[in-house]
Structure formats: C-alpha cells, structure tokens
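To keep things clear, I will list the structure first and then write my remarks on it.
The values are calculated or read from the model by the stated rules, or taken from the named source; none is laboratory data. Since the structure is predicted, the reported quantities are computational estimates derived from the model, not experimental observations. All Cβ positions, glycine included, derive from the backbone under ideal geometry; neighbour counts span all protein chains shown. The area values use the complete protein model at the heavy-atom level, side chains included, leaving out ligands, DNA and RNA. Shrake-Rupley method; radii C 1.70, N 1.55, O 1.52, S 1.80 Å.
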Amino acid sequence: MRDVHHFINGAVVAGSSGRFGDIYDPNTGEVQARVALATKGELGAAVDAALAALPAWAATNPQRRARVMFEFKRLVEANMDELAHLLSSEHGKVIADSKGDIQRGLDVVEFACGVPHLLKGDYTEGAGPGIDVYSMRQPLGVCAGITPFNFPAMIPCWMAAVAIACGNTFILKPSEKDPSVPMRLAELMLEAGAPKGVLNVVNGDKEAVDAILTHPDIKAVSFVGSSDIAHYVYSTGTAHGKRVQAMGGAKNHGVILPDANMDQVVKDIVGAAYGSAGERCMALPVAVTVGKKTGDEFVERMIEAARALKVGISTDAEAHYGPVVSAAHKAKVESYIRMGVDEGAKLLLDGRGLKLQGNEGGYFIGPTLFDDVKPSMQSYKEEIFGPVLQVIRAETLEEAAALPSNHQYGNGCAIFTSNGRAAREFAAQVNVGMVGVNVPIPVPVAYHTFGGWKRSAFGDTNQHGPEGIRFWTKIKTITQRWPEGDIGDQAFVIPTMG
C-alpha cells in the first residue's frame, strides 16, 4: 500500500497522527493508497518552515523569482505525461482532461513569470513643493491555499504560483481524495530553484483546515470548494484576522436563442455539460431554451449527442469522460437524479446503474438529461456536480436571463445567439461574475481574473490575473521630501493645502 505523507521544508515528512484517509481508483472502486491526515502540530511545522524561508525569499528580487517560475513551467511540461496519468488515476478524469487541468495551471504559472512588471508601483513627482509620492507592493508573509478534488493541478497553480512569485511562502492543503499531483508539484518547485520551505504541502481533513484558518502566522487563505464550506472558511479566516478569498459552488446556465447556430450549441453544450463527468465549477448543467421550436430542436439533438458519448476508464483514449471521484459522490449525484424524477421533471436519459465490463466497481454515471425542469425544483436550485443536464423552457430572453440572475449561485453563464445587441445587453445585465458569448465554459485566460458572484464567491478579490497580484500583496505608499539648507519656521504643508 502506497502512503502519501506531507512535503515540509523541502522533504517528504511522514505523518505522525496515525490517521489516514483512503485514496481510491475511481475506475475500479479499489483503494490504491493512503494519505496521512495532519495534526495541528504538523501544520505548525510547515508554518515554521515557511517562516524561516520567508525573509530571504521576500528579499529575492522579482526577476530571480520569475526565473524559478520559468523553470517550474519547463519541468511541469517535461513531466506532463507522468503528472496526467497520476492525476487520472486518483481523480478519474480521462488523460486528455488531466492534461488540460495541468495546462490551465501552467497558463497561470506563465502569467506569474511576468511578476517583475506586475509588482511595479506608481510614482508621482512633485505632488507638493519638493514632495514625491510613490507606492510599492510587498508580500504578505506566509500564505495558504485549500484546494478541491476536481482540479488537483490547476487550482494549486492558480494560488501558489502567484503567491510565491510575489515573494510569499506557501502552505498548500490539497484535497485528500487526490493529493499525489500536488505533492509532485511541490517537488518540482524545489527542483526549479525555490528554496526549502517556500512551498509546503500538508495533507489532511477539517483538522488541518481549522489549523490553517486559526494559525496566527498565516496571513492570507485562498479556498475553492462548496459554498457552505467557502462561507465557513471565509467567516472563520477573517475572524482570525486573515485576508480570505473563498470560491464556492455554481449552477451555470446556457441561454439558447432562436437565432443560435444549433450545430454549434449542441456540440458546445454536450462537452460543457458532460465533460470531466460534470465535475467542474464552470460546467454548464442548465440549458435555457427560448421558444418552443428552439427547445424541441435542442432536446431532440441533445438526446442523440449525449447517447453518442462514450464513458470509459481514464486511460481509454476514445472515452469522452471517465468515472466520478468517489462512491459517495456517485451516490450523491444519483440521489439528485432521483430527486428530479420525484419533482416531476422529464427524465429523457438516465445514467444511473452504468457498469463497465471488467470495471464493475468503478464510479461511472452515464449522461443524464432532464427536460421541463422548473425553477421551483430543488434539483435545479442546488449544484449537482455530475454528468446531468437540465433543460428549462423559457418564452422570452428576459425570462431566460432572469434565471441565472436570480439563482443563489453566480459563477458563470453563457448565451448562444447571432444577435450582437442581445448578447451585449445580456452580458451587461446578467447577475453573474463570468459570461460567455457563444463560449460554453467562460473561464477567463490567465492574465484576466476568475471569480463568481453571490454564493459562488466570498471575499472581494478574484483568482489569478491582476486581482491575484493584489490579493497576495499589500500596498505601501511613501510620501517623501528632501529639505535643503535652513528651513527656518517653514512647516510641512500637505499638498492639497497649498
């Protein structure tokens, strides 16, 4: 049995708690490894290592920190196949999806390579008589990231790469369901030239999370996960004086207007709804059709497209998606399918009970499609996070746009249309954080910023991009003058007063 421990001060450190969590192979349902669950003391040891590394790393000039990021990017690319297979073996997503997971993380690493420019401050000469004003961005100190199971490479890179490039040291607490890739990333960061203690990985459960949220030397925490836990992380962390960004759940809508290119719509939504078994916070699990003709055509064609999808094991190159991450998650998704039936939605495709020959114990769910879903249904109000697409029928664009605007989640949405004015007005008015126009999964590129609204995000600053630089740094503003000679009774005059 393989054991996954912790990575502290540049070395693998065996867990001392005696508590372990099982790491499953979602393709077979079998336990493949164990992960050590950290104590408060082990988290403290990681913080001590990060504190020891902090002064020298923060004092390293930004260009040298950027060179570490360049080398880290090269090493991850060189180890792409190994990382993708390791990721798939614990998460269940197919290899192509795992490579995409890693690549989207590398996009942010690439952005972080530009940190010398990104950290430049502002300067005003002559703000007053002989007075100049300038600002600088400085690292916060020891920072932490708590990441989810569904993107075990991308989201750690979103957090750690930007934070470390800014001069902070970092504690990563990945999901205990698939911790091996984050451990490997920490090893590669060390190999890339980051000093010991700059990036530490502490595996664990709620005990480790609470230790992060309450430790007095951790200055900032970034989190991605469910909304209830995001709210807990935000409220607990801020109550202990930390800067916190906490990204929660989602229920992203795709609005389909009658003038949309239906070939494009079906192709885009079948991938956005069912890709990676629907385990994406930016998946598109709700299609809102405008007009009866649009709805009828979309449903008819979506049935055909979803039936053509192949569900297979992670290493099957022909599979469109693999299993969900765990038995518990499979049961949860199937309970939502049952809920939708009980609430009166029309179940057109039922993915429950799917078994693959030779992998009967795997956590597979087939493509599931509901029609005539109503906004009052609980199965619509909550995040399902599986390969389930719900179709809601609307009569007008205004009715359709109100659905994502009024939903408790506000991560992202999309509109499919050939009408530029309708798309422009929708994008400006819809009450969500990220919008796609004929783009089904509107995750912004790395040099923009990622974040939702309402119960999809707690905190004022988004992930990566310029917002990420602001989150992981504090600004200092200096007002200076250099008087010469005998100034006599001349007092300092605030520039706005004279």
I need every pair where a residue in region 50-70 that is without any contact (Cβ under 8 Å) to a residue 12 or more places away in the chain and closer than 13 Å to G193 by Cα has its Cβ under 6 Å from the Cβ of a residue that is open to solvent by less than 10 Å² (accessible area, probe 1.4 Å) and not in a helix (DSSP H, G or I), sequence separation at least 6 or different chains. none
Residues within region 188-205 that are surrounded by fewer than 24 Cβ atoms within 10 Å (Cβ to Cβ) and touching a helix residue (DSSP H, G or I) at 6+ places or on another chain (Cβ under 7 Å), tallied: 6
Please pick out the residue among G141, G167 that is of a type outside the set (V, I, T), more than 25 Å from G322 (Cβ to Cβ) and surrounded by fewer than 24 Cβ atoms within 10 Å (Cβ to Cβ). G141
Region 357-385: number of residues that are buried (at least 24 other Cβ atoms within 10 Å of the Cβ) and among the small types (G, A, S): 1
Residues being touching a Phe, Trp or Tyr at 6+ places or on another chain (Cβ under 8 Å) and either at pLDDT below 95 or part of a helix (DSSP H, G or I) (or both) - total across region 282-331: 4
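Only strands (runs of 3 or more DSSP E) wholly contained in region 1-87 count here; list those with 3 or more residues that are of a type in the set (V, I, T) and closer than 27 Å to A211 by Cβ. Give the derivation first.
On the way: elements: 2-4, 6-8, 11-13, 20-25, 30-36.
The strands (runs of 3 or more DSSP E) meeting that bar number zero.
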Selection status of H253, within 20 Å of the chain's Cα centre (by Cα) and either within 24 Å of G451 (Cα to Cα) or touching a residue at least 12 places away in the same chain (Cβ under 8 Å) (or both): yes
Residue in region 67-76 that is farthest from M136 (Cα to Cα), counting only those that are surrounded by fewer than 20 Cβ atoms within 10 Å (Cβ to Cβ) and touching a Gly at 6+ places or on another chain (Cβ under 8 Å): E71
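Name the residue that is nearest to G114 (Cα to Cα), counting only residues in region 444-458 that are in a loop (DSSP other than H, G, I, E, B) and of a type outside the set (A, V, I, L, M, F, W, C). It would help to see each step written out before you state the result.
Taking region 444-458 as the starting set, the residues that turn out to be in a loop (DSSP other than H, G, I, E, B) are 444-449, 451-452, 455-456.
Those still in the list that are of a type outside the set (A, V, I, L, M, F, W, C) too: 444, 447-449, 451-452, 455-456.
Details: P444: 18, Y447: 10, H448: 13, T449: 15, G451: 21, G452: 25, R455: 32, S456: 29 Å.
Taking the candidates together, the pick is Y447.
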Close pairs (7 angstrom Cβ cut-off, 6 or more residues apart or separate chains): closer than 18 Å to D48 by Cα and part of a helix (DSSP H, G or I) in region 149-175, β-branched (V, I, T) and open to solvent by less than 10 Å² (accessible area, probe 1.4 Å) anywhere: I164/V198
